[in-house]
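Before any comments, here is the structure.
The values are calculated or read from the model by the stated rules, or taken from the named source; none is laboratory data. Every value quoted in this text rests on a predicted model; they were computed, and no experiment measured them. Don't worry about glycine lacking a Cβ; one is built from the backbone with ideal geometry, like all the others, and counts go over all protein chains shown.
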Amino acid sequence: MIGAFTLANGNLWADSGHQDSIERLRLSSDVLHSSIEAPDKGIPEEVVSNAKCIVVVSHLIKGGFIVGGEHGRGIATCRTETGWSAPAFVSIGGGSWGLQIGVEGVDLVMLVMNDQGFQHLLSSKFKISADASASAGPVGRHASAGTDWKLNTEILTYSRSRGAFAGITLDGAVVQQDEDSTRAIYGRDHSFRTILSGKVHAPKSTLSFMKAIAETDHAGTIAEAKEDKK
């Protein structure tokens, strides 16, 4: 009887973890769509089209608390030779984050901009500022030519609340793999390196998120091409 009870509880936990991960994929897709639908208050298209990886943490906080010491979970994907990688599940916490008291339902977006930042993400755990450099990203329809986001910045960071994006600092925050969600979606353990390098196929349950990533990237590429022609 005890063994049957334990097995039943294990199945319930697995089902709950799977549904939670599916909901996170859906919310992350909504955040990506919002960056297209409100370009004047969003992430510049050319920044997105030059990003090597995109990390989305939806509903980072609720109820009006400072994020410092809080914990959020999200989704990451990186460019590969054949397109965007299958989604990898991440957790992020700790550090001193520049969010305001009273903001409800804040979303976080991190754009990995170069190979060095990509290698930090593949390591499955790194600390922003100590291991990887990060800075608040530019906001608006187009990034200012005077900014250095194309030079040495490893990661550009953004928060979104009430439909508008803003640059955010995440000094000391630790980004690492969410192993529980990885098992819930993939049915087994996969390392960040395996998933984000494109060696794992995206499960059917993640295809809506993959579509949102492709649409966001496509919109950014078209916008950048139009800007180059001016």
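Can you tell me which of S191, S208 is modelled with pLDDT under 95, among the hydroxyl-bearing types (S, T, Y) and within 16 Å of the chain's Cα centre (by Cα)?
Details: S191 fails: within 16 Å of the chain's Cα centre (by Cα).
Within the list S191, S208, the selection yields S208.
Check G17, G42, G94 and return the single one that is touching a strand residue (DSSP E or B) at 6+ places or on another chain (Cβ under 9 Å), within 22 Å of M210 (Cβ to Cβ), at pLDDT below 85 and surrounded by 13 or more Cβ atoms within 10 Å (Cβ to Cβ).
Result of the check over G17, G42, G94: G42.
Given the residues F65, F89, which is the only one that is of a type in the set (F, W, Y), at pLDDT 85 or above and not in a helix (DSSP H, G or I)?
F89
Please go through region 171-202 and give me each residue that is surrounded by fewer than 18 Cβ atoms within 10 Å (Cβ to Cβ), in contact with a strand residue (DSSP E or B) (Cβ under 9 Å, 6 or more places away or on another chain) and among the acidic types (D, E), ordered by number.
Residues satisfying the conditions are D171, E179, D180.
Yes/no matrix, rows are residues, columns are (1) under 23 Å from K127 (Cβ atoms); (2) touching a residue at least 12 places away in the same chain (Cβ under 8 Å); (3) not in a strand (DSSP E or B):
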{"residue": "Y158", "(1), (2), (3)": "yes, yes, no"}
{"residue": "F165", "(1), (2), (3)": "no, yes, no"}
{"residue": "V175", "(1), (2), (3)": "yes, yes, no"}
{"residue": "S181", "(1), (2), (3)": "yes, yes, yes"}
{"residue": "A184", "(1), (2), (3)": "no, yes, yes"}
{"residue": "D189", "(1), (2), (3)": "yes, no, yes"}
{"residue": "T194", "(1), (2), (3)": "yes, no, yes"}
{"residue": "G198", "(1), (2), (3)": "no, yes, yes"}
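Identify the single condition in (1) more than 15 Å from S135 (Cβ to Cβ); (2) at pLDDT below 95 that T157 does not satisfy, given that it satisfies every other one.
Unmet for T157, out of (1) more than 15 Å from S135 (Cβ to Cβ); (2) at pLDDT below 95: (1).
Only residues in region 48-74 that are farther than 23 Å from S21 by Cβ count as the first member; pair them with residues that are modelled with pLDDT under 85 and assigned to a strand (DSSP E or B), Cβ under 9 angstrom, at least 6 apart or cross-chain, and list the lot.
I66/W97; G68/S96; G68/W97; G69/G93
Quick check on T77: is it among the polar types (S, T, N, Q), buried (at least 21 other Cβ atoms within 10 Å of the Cβ), within 22 Å of A202 (Cα to Cα) and modelled with pLDDT of 75 or more?
So T77 passes the test.
Under the condition of being of a type outside the set (A, V, I, L, M) and in contact (Cβ under 8 Å) with a residue 60 or more places away in the chain, which residue from region 107-121 is surrounded by the fewest Cβ atoms within 10 Å (Cβ to Cβ)?
Looking at the filtered set, the residue picked out is D115.
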